[in-house]
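Step one of this worksheet: look at the structure below.
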Amino acid sequence: MNTRIGTYITQKISGASYKAYVPAKLPPEPPIELKTLYPYLEKATLALAELNSIHKTIPNTALFIYMHVQAFRVSLSATRRKISCKKSAVRCWQ
């Protein structure tokens, strides 16, 4: 893993182990060239502004998000079914 962005360390507590992310010290060495990141920052800012303006036109955002999560689940399930059917055609026709 690139240690410039941080590392994972393994910790133990009560016999159970887990990984913890430890970010690198600031400021980074060598310094980050911000001029190369400005176009990406501008695109991200515009996308967030568009999302914010769309958000204000939706009457119930929780319902909107729920609807899209459900649609994603259905499409993911259909995709998994197609993959399993390709692996075993006998199972799909039962």
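Read the figures in this text as sums done on the coordinates, not as results from a lab. The structure presented is a predicted model; accordingly, all values stated were derived computationally and were not measured. Every residue, glycine as well, gets a Cβ built from its backbone with ideal geometry; the counts of neighbours run over all protein chains shown.
Extending 7 Å from Cα along the Cβ direction at residue 41 and again at residue 63 yields two label points whose distance is 4.0 nm.
Using 0.36 nm per residue and subtracting the Cα-Cα separation, the extra length available between residue 79 and residue 25 on full extension is 15.2 nm.
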